[in-house]
Amino acid sequence: WNGNREYVDRGAANAHGGYYTQAEIREIVEYAQCNYITVIPEIEMPSHSEEVLAAYPELSCSHMPYKESDFCVGSEYTFEFLENVLTEVMELFPSEYIHIGGDEASKQAWKSCTKCQARMEHEGLADVDELQSYFIHRIEEFLNAHGRKLLGWDEILDGGLAPNATVMSWRGAEGGLKTMAMGHRAIMTPGEYCYFDAYQDAPHTQPEAFGGYLPLQKVYAYEPIPDTIDVDQASLLYGIQGNLFAEYIPTEEHMEYMAYPRILALAEVAWSVPKNKDYANFRARAIEAVNYLRSQGYNAFDLEHEVGNR
């Protein structure tokens, strides 16, 4: 993350990382199924697509690599490309849902792109938020026609939610509550409680992290269903999710360190009646769990010796 983050050709001397082959994807999916896990792919659109636009700059508004991260919504070639990608993805992943991202699109290039402006005029769209909604609607129609459901971050609410979409609410609870009020399913994953790429102890004692401060006690304090929501809307809460993005996580051991024991706290939050939660009791059990995980070779955070208050 701290480098220049430019892409190189396969086989270049400074190349690292890469891609999964279809055979590797099938192996991952099969292994997950054997362990009662469903792998849901996330194929980012219309933004967070720098890697695509570096290789296929003609899919951006400027046709220049490294200038934008948004697809050109005015170009039919964009939809042809993405439908081909999604067709391949659906052949590899049998999941009910396909996650399409939908988050953090700048939309700035769309305001001056002649193709995007022509699309807006032709479709009678008032602004770039509605243009993004048009894009999400089209992608959802394609997925639904192939028996799949669309899942996206809460920005897919902007400009109007697609008819059958499920929303992951990450910018707080508001997007999820709005989604459920509209009769759609929501998954709660607010950054304040659910982003495990934040520091879990006094930052000066920890490896570099994305930022923020999320100790175990705060994760455990999360309550995804507010008292103000009615029973019918609460039934549309499909679940909660912990997020662990890897910009500052270079190894598997570091990934384990950031996940455990916070993932245990979120699991208990998901399955517990609030009145039955007791952090002191949980912390004692979490220390036992951490000691067991460490004895089995996992690099879990040493909860028993946490520094505490940052």
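Entry remark, region 271-292: residues being open to solvent by less than 50 Å² (accessible area, probe 1.4 Å) and out of contact with any helix residue (DSSP H, G or I) (no Cβ under 8 Å at 6 or more places or on another chain) number 1 in total. Evaluation of R285 against the conditions (1) in a helix (DSSP H, G or I); (2) closer than 29 Å to T166 by Cα shows that the sole unmet condition is (2). Here region 233-259 is the region considered, the condition is being within 21 Å of G212 (Cβ to Cβ) and assigned to a strand (DSSP E or B), and the residue that is least open to solvent (accessible area, probe 1.4 Å) is N243.
Annotation: of all residues in region 159-193 being over 18 Å from Y97 (Cβ atoms) and in contact with a Lys or Arg (Cβ under 9 Å, 6 or more places away or on another chain), the one that is least open to solvent (accessible area, probe 1.4 Å) is P190. Assess whether G74 counts as being surrounded by 18 or more Cβ atoms within 10 Å (Cβ to Cβ) and on the phi > 0 side of the Ramachandran plot. No; evaluated as a whole, the condition is false for this residue.
Quick one: would you say G101 is at pLDDT 95 or above and within 19 Å of the chain's Cα centre (by Cα)? The answer is yes for G101.
The residues of region 112-122 that are closer than 10 Å to V73 by Cβ and either outside any helix (DSSP H, G or I) or open to solvent by less than 80 Å² (accessible area, probe 1.4 Å) (or both), listed by number, are C113, C116, R119, M120. Looking at S106, S75, S69, S60, just one residue is free of Cβ contacts under 8 Å to residues at least 40 places away in the same chain and over 30 Å from Y31 (Cβ atoms), and that residue is S69. Screening E88, E58, E44 for residues that are part of a helix (DSSP H, G or I), open to solvent by less than 80 Å² (accessible area, probe 1.4 Å) and among the charged types (D, E, K, R) leaves exactly one candidate, E58.
From the list N309, N299, N291, pick out the single residue that is over 30 Å from G175 (Cβ atoms) and not in a loop (DSSP other than H, G, I, E, B). Outline the logic, then answer.
Details: N309 fails: not in a loop (DSSP other than H, G, I, E, B); N299 fails: not in a loop (DSSP other than H, G, I, E, B).
After applying the criteria, what remains is N291.
The values are calculated or read from the model by the stated rules, or taken from the named source; none is laboratory data. What you see is a predicted model; the values in this text were computed from it and never measured. Cβ coordinates were reconstructed from backbone atoms using ideal geometry, including for glycine residues, and neighbour counts include every protein chain displayed. The protein model used for the area step is the full one, side chains on, heavy atoms only, and it has no ligands, DNA or RNA in it. Shrake-Rupley method; radii C 1.70, N 1.55, O 1.52, S 1.80 Å.
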